[in-house]
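So the structure is just underneath, and the comments pick up after that.
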Amino acid sequence: MSEIPSPARPEPLHPEAARAIRRHARGVARADDTPYDCRFIYDGQVGEIVLAIDRAALDADELVLFLPDDTFDAEATLLIHPRACNEDHWTDRHLAYHPDFRPPVWARAAIDAAKLRDGTVVPSEGLALTNPLLSTEPALCKLLNADRSRLRALVKLMTGVETEHPTAVGVDRFGIDVRARFGLVRLELPAPCEDPDEARRVIDTLIKGAA
């Protein structure tokens, strides 16, 4: 993963909404009452999501993305307007998150609005899904992956989930994405990290505490 500069990022105006959304990289997209399995990643530079989705879904007037499932108690429901795009340069990152999923078509979308489980509606300007840790994300993942036994212990400590061959694939202000054989595990950071040096200190402390 090559390093990408991280210019100053605005803090999310509704951090709990941003945290709830950022927990997920898979959902169900509903287009004109037709559900589509959807896997996605985040473009931390601009705060959009990059989706792998069925081409037919792009013909809908609007798309509603349910996280993680299309149920009445979905943690978050997003209104998005995806547009088809050529995102070949995202292939490696998407495969890191979803190694068994091949996208029928790439699409990119900003989030127009989000509705949380408690009914709170947050407009797009209340969400900042850019990643202030983008420039050091590869180094942070390398730090986490340097000792897989400690990473496995950290996942167990923070989530109670047993994993084999865990791999840290992403780090953002709210947490760490770890790929396991059965899918992704989200590790929530104790508090949002806006500074790369702070994130390194927090992650180093977490790793040592899990040993």
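Considering L206, L184, the condition of being over 24 Å from D92 (Cα atoms), aliphatic (A, V, I, L, M) and outside the structural domain of Y42 (by TED's automatic domain parsing) is satisfied by L206 alone. Given the structure, is D92 surrounded by fewer than 22 Cβ atoms within 10 Å (Cβ to Cβ), within 21 Å of D177 (Cα to Cα) and out of contact with any helix residue (DSSP H, G or I) (no Cβ under 9 Å at 6 or more places or on another chain)? Taking the combined requirement at face value, the residue satisfies it.
The residue that is farthest from T167 (Cα to Cα), among those in region 182-211 that are among the aliphatic types (A, V, I, L, M), out of contact with any Lys or Arg (no Cβ under 9 Å at 6 or more places or on another chain) and not in a loop (DSSP other than H, G, I, E, B), is V202. When region 96-147 is filtered for residues that are under 19 Å from P68 (Cβ atoms) and not aliphatic (A, V, I, L, M), the ones remaining, listed by number, are Y97, H98, P99, D100, F101, P103, K115, R117, D118, G119, T120.
For every residue, the table says whether it meets (1) over 22 Å from G44 (Cβ atoms); (2) assigned by TED's automatic domain parsing to the domain that holds E194; (3) assigned to a loop (DSSP other than H, G, I, E, B).
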site: D118; (1), (2), (3): yes, no, yes
site: V122; (1), (2), (3): no, no, no
site: A139; (1), (2), (3): no, yes, no
site: K142; (1), (2), (3): no, yes, no
site: R150; (1), (2), (3): yes, yes, no
site: K156; (1), (2), (3): yes, yes, no
site: V161; (1), (2), (3): yes, yes, yes
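Count of region 89-126 residues, restricted to those that are within 14 Å of the chain's Cα centre (by Cα) and more than 22 Å from L58 (Cβ to Cβ), is 1. For region 186-201, taking the residues that are surrounded by fewer than 17 Cβ atoms within 10 Å (Cβ to Cβ) and in contact with a Pro (Cβ under 9 Å, 6 or more places away or on another chain), the one that is nearest to K142 (Cα to Cα) is identified as D195. Residues that are modelled with pLDDT under 95, of a type in the set (D, E), over 17 Å from the mean Cα position of the chain (by Cα) and not assigned by TED's automatic domain parsing to the domain that holds D59 occur in region 164-174; there is at least one.
The values are calculated or read from the model by the stated rules, or taken from the named source; none is laboratory data. In this text the structure is predicted, and so the values were computed from the model without any measurement. Reconstructed Cβ throughout: ideal geometry from the backbone, glycine too, with neighbour counts over all protein chains shown.
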